[in-house]
Amino acid sequence: MIDRVRGTVLGVAAGDALGAGGAGEWTDDTAQTAALLRVVVTGADLRTPAALDAVASGFAEWYAGDPSDAGRQTHAILGALSPHPTAAEMTAAARAYLERTGRAGGNGSLMRTAPVALAHRGDPTVIVAAAVAVSELTHADPRAGEACALWSLAIDHALTHASMPDLRDLLVHLPGAARDFWRERVDEAERFDSSRLRPNGYVVTALQAAWSAVCRTPADSSDPLARGIEAAIAIGDDTDTIAAIAGALLGARWGASAVPTAWRRSLHGWPDLTGDELADLAERSLRAGRPA
């Protein structure tokens, strides 16, 4: 379990950094994942106002550093807030963005959702509620919350069972109205040529692209994590985010030991962490006390 927990966040960071084409430096995908992870290691219940306030504070702290890689939607929402927003204020800003633009389904909450599975391992009901609540801080489109819930459930399955899930089996935990929609999207992801999965800035297509890369990577290959991340990057368009999303699930299945050493050693980024230090944070989540 320790190896898979560490692998979950190293998979995010490795996919992010490789997809961005940099020398091991991760981008906003992993930075926001780290902000969420820092709350998870306190043992907080991510559904509570206090925990969500802490997550919002972490996102605001990252944004205060004037990151050049913030997504358009996240930039618009965080930029409209005070330096120390509450979760309620951030969620309200996200809803206002949706009302103003009619479009709030970017992939920016899906890319950071992995720590939700670490926070509430083995409890699908809580995972769904927490994933939606964290997503809604910046992404008010219900599809974004559903995608985060489904992917967090998939990561939880991989952590618990050391196997890849069939995403369709997890749909029972989503609201009834969402199940048919996502069943069709999963079927498409497994059937479509990768050229039909770009552009992938929309959260639904982003999940499809990541799942396409994961499920088409042979489990019996010598390096399934590396091959899966490379397949995600090869899909094109938003390569760092798609590879980060895929990397989370691949890491949860195959563990930190499957991350190539050269990749792991070069990883670094906000908030002044190395890849190993990010993985140490994730490991601490195993010892964090959880609410009864």
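Of the GluC sites (Glu not before Pro) found in region 27-135, no site is in coil according to DSSP while having at most 14 other Cβ atoms within 10 Å of its Cβ.
Summed over all non-identical Cα pairs, the Kirkwood treatment of region 127-249 gives a radius of 14.4 Å. Computed over the chain, the Cα gyration tensor eigenvalues convert (square root of 5λ each) into semi-axes of 24, 21, 19 Å, ordered from largest to smallest. Taking other residues whose beta carbon is less than 10 angstrom from the beta carbon of Asp238, and scoring Lys, Arg as +1 and Asp, Glu as -1, yields -2.
The charge dipole of the chain, taken about its Cα centre with unit charges on the Cβ of Lys, Arg, Asp and Glu (plus for the first two, minus for the last two), comes to roughly 400 debye. Of the residues Ala178, Leu46, Trp211, the one whose Cα sits farthest toward the positive end of the charge dipole of the chain, with +1 on the Cβ of Lys and Arg and -1 on the Cβ of Asp and Glu, is Ala178. Relative contact order, whole percent, for the chain stands at 34, derived from Cα pairs under 8 Å and 6 or more residues apart.
Each reported figure results from applying straightforward, stated rules to the coordinates on display, with no laboratory input. What you see is a predicted model; the values in this text were computed from it and never measured. All Cβ positions, glycine included, derive from the backbone under ideal geometry; neighbour counts span all protein chains shown.
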